[in-house]
């Protein structure tokens, strides 16, 4: 059985404590645009929604992919949960399909390739998408906070999970 190709653009968004990261794909290994946006205003969620709105208006994706903040074991903060709910509400008002995937499903996607940690997943992504290689942060030590660039790899991992499971697992 062959997996159907997704016709159109897929925008994956990963919310971070500092803002959000995004990756826009036209197929599993064909990124169109990507980045990390930092929110500096007091209302981070409003600023993030504005940034996501601009991305959607610019690229007009056919699907938006986010982390499943409602999944069992999700430890996302209340602010991040509210941001994801705002994204879902806004994309629904624009008639854009939104798909959610849990961390467990992302791990399942990459465990077949021998990657279990966020760093291992990021390294697998750079092997498949060399354009991301220069964005790979150094390995995180116990005393270090997470590098903001890791959000890009989290967003890309969401997109890879979407292309692997599609609508069935959402």
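The values are calculated or read from the model by the stated rules, or taken from the named source; none is laboratory data. Small disclaimer: the values here were computed from a predicted structure and weren't measured. Note: ideal-geometry Cβ built from the backbone for every residue, glycine included; neighbour counts use all protein chains shown.
Here are the numbers for the structure shown:
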{"item": "Considering residues of region 129-139 that are modelled with pLDDT of 90 or more, touching a helix residue (DSSP H, G or I) at 6+ places or on another chain (Cβ under 8 Å) and in a helix (DSSP H, G or I) only, the residue farthest from residue 87 (Cα to Cα)", "result": "133"}
{"item": "Residue count for region 76-90, restricted to those that are loosely packed, with under 14 Cβ neighbours inside 10 Å and not in a helix (DSSP H, G or I)", "result": "1"}
{"item": "Single residue of 134, 128 found to be surrounded by fewer than 14 Cβ atoms within 10 Å (Cβ to Cβ), over 16 Å from the mean Cα position of the chain (by Cα) and without any contact (Cβ under 8 Å) to a residue 40 or more places away in the chain", "result": "134"}
{"item": "Residues within region 72-96 that are free of Cβ contacts under 8 Å to residues at least 60 places away in the same chain and touching a helix residue (DSSP H, G or I) at 6+ places or on another chain (Cβ under 8 Å), tallied", "result": "9"}
{"item": "Residue match in region 105-125 (condition: in a loop (DSSP other than H, G, I, E, B) and touching a residue at least 24 places away in the same chain (Cβ under 8 Å))", "result": "no"}
{"item": "Filter result (surrounded by fewer than 23 Cβ atoms within 10 Å (Cβ to Cβ) and within 19 Å of residue 111 (Cα to Cα)) within region 140-164", "result": "150, 163, 164"}
{"item": "Evaluation of residue 100 against (1) within 24 Å of residue 135 (Cα to Cα); (2) assigned to a strand (DSSP E or B) (one fails), failing number", "result": "(1)"}
{"item": "Residues located in region 67-118, provided they are at pLDDT 95 or above and at positive phi", "result": "none"}
